[in-house]
Amino acid sequence: MNVYPLLRAALAPIGLPCEPEVYTGNAEEYIIYNYADERTAISGDDDDILDDTSVQVHYFTRGDPHAVKSLIRRQLRDAGFCISATVQLYDETGYRHVVVEANIDGTIND
């Protein structure tokens, strides 16, 4: 299941630069996202029927991350994702790094 179009559509209304896997721009706030895991959730007749796909959404900011963190979680839920965890980190570059882990079920041919 290709979830990148779903993630792009869900996160676009936030209005920040948003890229799969790597951001190479120079914005002070940005979002990247990636696949974390993809597993067969349901199989039958020797074939996979439904995938459970886990993703990570990473939000980087030098400011207070709480409002955008909540917005990311809401946008993902509205797009059909289930939030499994949210972690907030701080690194020596001065960025706050929020990681939202989520998953979604979908048919294999989506």
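The values are calculated or read from the model by the stated rules, or taken from the named source; none is laboratory data. Keep in mind that what you see is a predicted model, and the values were worked out from it rather than measured. So basically every Cβ, Gly included, is an ideal-geometry build from the backbone, and we count neighbours across all protein chains shown.
Structure data summary
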read-out: Pair list, Cβ < 7 Å and 6+ apart or interchain, from the range 16-33 residues that are within 14 Å of H97 (Cβ to Cβ) to residues that are at pLDDT below 95 and among the small types (G, A, S); value: none
read-out: So L71, is it more than 23 Å from T93 (Cα to Cα), of a type in the set (A, V, I, L, M, F, W, C) and at pLDDT 95 or above; value: yes
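Here is a yes/no grid of residues against (1) among the β-branched types (V, I, T); (2) over 15 Å from D105 (Cβ atoms); (3) at pLDDT 95 or above; (4) surrounded by fewer than 16 Cβ atoms within 10 Å (Cβ to Cβ):
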{"position": "A9", "(1), (2), (3), (4)": "no, yes, yes, yes"}
{"position": "A12", "(1), (2), (3), (4)": "no, yes, yes, yes"}
{"position": "G15", "(1), (2), (3), (4)": "no, yes, yes, yes"}
{"position": "V22", "(1), (2), (3), (4)": "yes, yes, yes, yes"}
{"position": "Y30", "(1), (2), (3), (4)": "no, yes, yes, no"}
{"position": "R39", "(1), (2), (3), (4)": "no, no, no, yes"}
{"position": "I42", "(1), (2), (3), (4)": "yes, no, no, yes"}
{"position": "D46", "(1), (2), (3), (4)": "no, yes, no, yes"}
